[in-house]
1. To the nearest 20 Debye, how big is the dipole of the chain about its Cα centre, given +1 on the beta carbon of each Lys and Arg and -1 on that of each Asp and Glu?
2. What are the ³J(HN,Hα) couplings of region 234-239, residue after residue, when phi is run through the Karplus curve with 6.51, -1.76, 1.60 and θ = phi - 60°? Round to Hz, x for glycine and proline.
3. Report P(r) for region 175-246: all Cα-Cα distances, bin width 10 Å, range 0 to the bin holding the largest distance, values in whole percent.
4. Hey, if you put +1 on the Cβ of every Lys and Arg and -1 on every Asp and Glu Cβ in region 159-238, which of THR226, TRP203, TRP173 ends up farthest toward the positive end of that dipole?
5. So what's the back-of-envelope 222 nm ellipticity for the chain, counting only DSSP H runs of four-plus at -39500 (n - 2.57) apiece and dividing by all residues, rounded to 500?
6. Whole number in Å², please: accessible area per residue of the chain, 1.4 Å probe, ligands, DNA and RNA not counted.
7. I'd like the carbon and sulfur percentage of the solvent accessible area for the chain, probe radius 1.4 Å, heavy atoms only, ligands and nucleic acids excluded.
8. Using only alpha carbon positions, build the gyration tensor of region 21-124, then give the equivalent ellipsoid semi-axes as the square roots of 5 times its eigenvalues, largest first, whole angstrom.
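The values are calculated or read from the model by the stated rules, or taken from the named source; none is laboratory data. Values in this document were obtained by computation on a predicted structure and should not be read as measured data. Glycine gets a Cβ as well: all are built from the backbone with ideal geometry, and neighbour counts include every protein chain shown. Side chains included, ligands, DNA and RNA excluded: accessible areas come from the protein's heavy atoms. Shrake-Rupley method; radii C 1.70, N 1.55, O 1.52, S 1.80 Å.
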Amino acid sequence: MEQRIDLRDDTDPMNIRLGNTNLRTAVTPEFQINGSYRKKLSYHYLEWGYQRTYNAIAMGYVYDLLTGVRTYRPENVDGNWTTNGGYTFHCALDSTKKLNLDIPFHITYAQSVDLVGIVGGDLKLPTSEVTAPSLIGRAGGESIVRRLALSLSPTFKADIGRHHLELTCQPTWERLTGTRPDFQDFHAFTCRTSLAAILKLPWKLDLSTDLGLYTRTGYADENLNTCDLVWNARLSRPFFKGNFLVVVDGFDLLGQLSNVTRTLNAQGRTETYTNVMPRYALVHIIYRLNKRPKSIVSN
C-alpha cells in the first residue's frame, strides 16, 4: 500500500524514493507433485515443484553518473520463476533398523529479475524523464540472474545400545550467471560435515555433543570463503529421582564462529552483524515440582 502512494521522498538527497500508482498485485501460482515407494527395509521418495511470480515488484533505480544520485521506484516485472526436484533414498542396513542410511538429492534452477538504469553525462534529461519507468528500459533495463544448485545430504544413523550416533555430510554446488555486462559468473561450493552423538555415561550422566565443519569456497571475496570448525556439547545429570536436573551447555567451544554473517544471492550481497556472544557456557538448574492429587473414593 505504501509503494502505491504517489509520493516523492527526498529526505536523503542521494537516495530519492518514489511511489508508483500503477503497481499491480503480484500473483505466485505453485505446482507440486510427489510420490513414494516402500519396501521392507527401504524407502524411495520423488518430488518436483514449480512456481512463477507474475507482476513481481522490483525496486528499480536510476543512477546518475554525474551526481551519484540514485532514484528508486517500484515497478512490476515478469520472469521470476523457480523449479526444483529431488530424490530421497532411505535404507535400513540391518533387520532391527538400528543402522539407517538416508541419501537426499536436490536440484534447483531459478531465475530472478531486477531493474536498473544508468544516466551518463551525455544524457541531458529533465527530472520527469529521469524518474520515468521508460528510462529504466532505455538506459539499463532488466537484470536477469539465473541460479543452478545441486545438493546432496547423505546421513548415517546408528543406535548402539543406549547410545545414538549420527554422521551427516551436506555438499552444495551452485552456479550463478547474469545478463548484465558487469556481472561476473561464478561457481561456489559449500559443505557441512557434522558428527553428533547422544551418550549415556556412568553416574547417570547424559552427554549430547555435535562437531561440525562448515566450508565455503569459490567466491571472489575472500571474506566469503570460510572454513569453521564448530563444537557444541551438553552434559546433564538428574538428582532426587529425576525431580532435580543440572545441565551444562557449551556452545562454540573452539571459538571459531563469527558474529558477522555474509550471504550472496541473485539480488546482491548481504552482511549481517549480530550483537551476541557466539561462544558461551550456560548452566541450567531445573526442579520439577509435581504434586499428585489424592485419590478420591466415592461411596
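1. It works out to roughly 2080 debye.
2. 9, 10, 9, 8, x, 9
3. In whole percents, the pair-distance histogram is 16, 27, 19, 16, 12, 7, 2, 0.
4. Selected residue: TRP203.
5. Computed ellipticity for the chain at 222 nm equals 0 deg cm²/dmol.
6. 66
7. 57
8. They are 50, 16, 9 Å, listed from largest to smallest.
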